[in-house]
Amino acid sequence: MEGLPDAAAFATKLKNTLIQYHSIEDDKWRVAKKTRNVTIWRKPSEEFNGYLFKAQGIIDGVVNDIMDHIRPGPCRLDWDSLMTSLDILENFEENCCVMRYTTAGQLWNIISPREFVDFSYTVDYNGGLLSCGVSLDWSEKRAEFVRGYNHPCGWFCVPLKDNTNQSLLTGYIQTDLRGMIPQSAVDTAMASTLINFYGDLQKAL
């Protein structure tokens, strides 16, 4: 399989990277955008010359339901307005897969449609779930899309202690969209996209 020596070891390393992001101290982040329900922070990424974004908000819903809408599968395309296609290329044991997905153009098509090939892994975490992913160097490319690259990213979802019908959803996203886009345009689009993600997800649930 291209670019993936050992799925189990790869998954463990990815999970540990996300847990490390989840323990970064609050003072290292700066607020990029905030609404009544969701806050987006950012800090310079250690993986590439863009930003690592952190998104957090409370969602009305139970963990498994929320995560079924986020992780690779048929639910995701139903509600995520940014995603235009999603195919599972390969399945492994233990909630692991390789998926290829495409995204719509953004910012009046200043950012053209993108294609990603990601390894995805979902695992139990602190009474909830963590669904994480990272792009693979997949040689097969399609001419009509720019191939973007997701550095380690993921979503932590845990039930609220005082209300199990609500969950705290925290995401870490660092996407290199590649192509000829100024990083400032990417950063503007990313914060807004993450805010919209929460709104669309809540409506879908």
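Of note:
- For a label point 7 Å along the Cα-to-beta-carbon line of residue 146, residues of region 62-92 with backbone N under 17 Å: 83-84
- Atom-type composition of the exposed protein surface of region 7-204 places 49 percent of the accessible area on carbon and sulfur (1.4 angstrom probe).
- Between residue 65 and residue 84, the modelled label-to-label distance comes to 3.2 nm, taking each label 7 Å out from Cα in the direction of the beta carbon.
- Karplus 3J(HN,Hα) series, Hz, for region 51-60 with 6.51 cos²θ - 1.76 cosθ + 1.60 (x for Gly, Pro): 10, 8, 9, 10, 10, 8, x, 9, 10, 6
- Anisotropy class assigned to region 76-121 is prolate, per the alpha carbon gyration tensor with a/c at or over the 1.5 cut-off and a/b larger than b/c.
- For residue 37 and residue 8, a Förster radius of 35 Å and the Cβ-Cβ distance give a FRET efficiency of 0.45, rounded to the nearest 0.05.
- Extending 7 Å from the Cα toward the beta-carbon at both residue 46 and residue 166 defines two label points whose distance is 3.3 nm.
- Normalised per residue, the accessible area of the chain is 51 Å², obtained with a 1.4 Å probe and no contribution from ligands, DNA or RNA.
- The chain: calculated mean residue ellipticity at 222 nm from DSSP helix runs of at least 4, using -39500 (n - 2.57): -8000 deg cm²/dmol
- Residue 50 long-range amide H proximity, modeled H, under 5 Å: 45
- Amide hydrogen neighbours beyond the local backbone of residue 33, cut-off 5 Å, H modeled: 40
- Close amide H pairs (under 5 Å, H built 1.01 Å from N) link residue 125 with 130, residues at least 5 positions away or on another chain.
- Share antiparallel - DSSP beta bridges, the chain, percent rounded to 5: 95
- Summing Cβ point charges (Lys, Arg +1; Asp, Glu -1) relative to the Cα centre of region 7-204 gives a dipole of roughly 620 debye.
- Prolate/oblate/rounded label for the chain (Cα gyration tensor, a/c 1.5): rounded
- Cα gyration tensor, region 1-86 - rounded (a/c under 1.5), prolate or oblate: oblate
- Taking the chain as a Gaussian network of alpha-carbon nodes connected by springs under 10 Å, the highest mean-square fluctuation of the residues 164, 84, 35 belongs to 35.
The values are calculated or read from the model by the stated rules, or taken from the named source; none is laboratory data. It should be emphasised that the depicted structure is a prediction, and the values quoted were computed from it without experimental measurement. Glycine also receives a Cβ, built like all others from the backbone with ideal geometry; neighbour counts cover every protein chain displayed. Accessible surface areas use protein heavy atoms only, side chains included; no ligands, DNA or RNA. Shrake-Rupley method; radii C 1.70, N 1.55, O 1.52, S 1.80 Å.
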